[in-house]
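**Q** Before we start, here is the structure in question, set down as structure tokens.
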Amino acid sequence: MDIFCANCGEPWDVSSVAEVRHGQDTDPAWKLNRSGYPLNCPCCPKGKDGKPKMQEKKSPRAKAAAIVADLLGDDIDGAACLLEDGEFLGLMNDDY
Ligand SMILES: [Zn+2]
């Protein structure tokens with residue numbers, strides 16, 4: 001199951017994010033919130049300074065990821081299930 005970056009909406013497998021949480025993936029592009037949810041990822045667009053650039057217009061996936069992260073806290077598996085349901089229902093289409 002995937003969770004989405006709350007900035008760019010890129011899908012990441014839950015196990016990939018777990019590797020970041022446990023220090024096995026030390027890519028500095030990752031930024032997790034206190035619950036371990038990705039706020040920035042290696043796929044986020046970079047600014048001129050090379051740091052992830054916060055998206056002004058977020059995709060439906062990124063918006064949903066930010067909301068789910070706030071609602072479920074450190075329940076990453078629950079977040080992945082909720083996001084998967086949202087995708088199945090078509091709630092994350094660009095035209096929604
Ligand atoms: Zn990202």
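The values are calculated or read from the model by the stated rules, or taken from the named source; none is laboratory data. Note that this is a predicted model, so its numbers are computed, not measured. Note that we place each Cβ from the backbone using ideal geometry, even for glycine, and neighbour counts take in every protein chain shown.
**Q** Working only within the stretch 30-46, note down all residues that are more than 17 Å from LEU83 (Cα to Cα) and modelled with pLDDT of 90 or more.
**A** Initially, the stretch 30-46 is screened for residues more than 17 Å from LEU83 (Cα to Cα), giving 30-34, 40-46.
Selection gives TRP30, LYS31, LEU32, ASN40, CYS41, PRO42, CYS43, CYS44, PRO45, LYS46.
**Q** Hey, another quick one. Give the residue that is farthest from ASN93 (Cα to Cα), with candidates limited to residues of the stretch 1-59 that are away from the ligand (no atom under 13 Å from the Cβ) and among the hydroxyl-bearing types (Ser, Thr, Tyr).
**A** THR26
**Q** A follow-up question, please. Give the stretch 33-56 a look and list any residue that's crowded, with 17+ Cβ neighbours inside 10 Å and among the hydrophobic types (A, V, I, L, M, F, W, C), or say none.
**A** Residues satisfying the conditions are LEU39, CYS41, CYS44.
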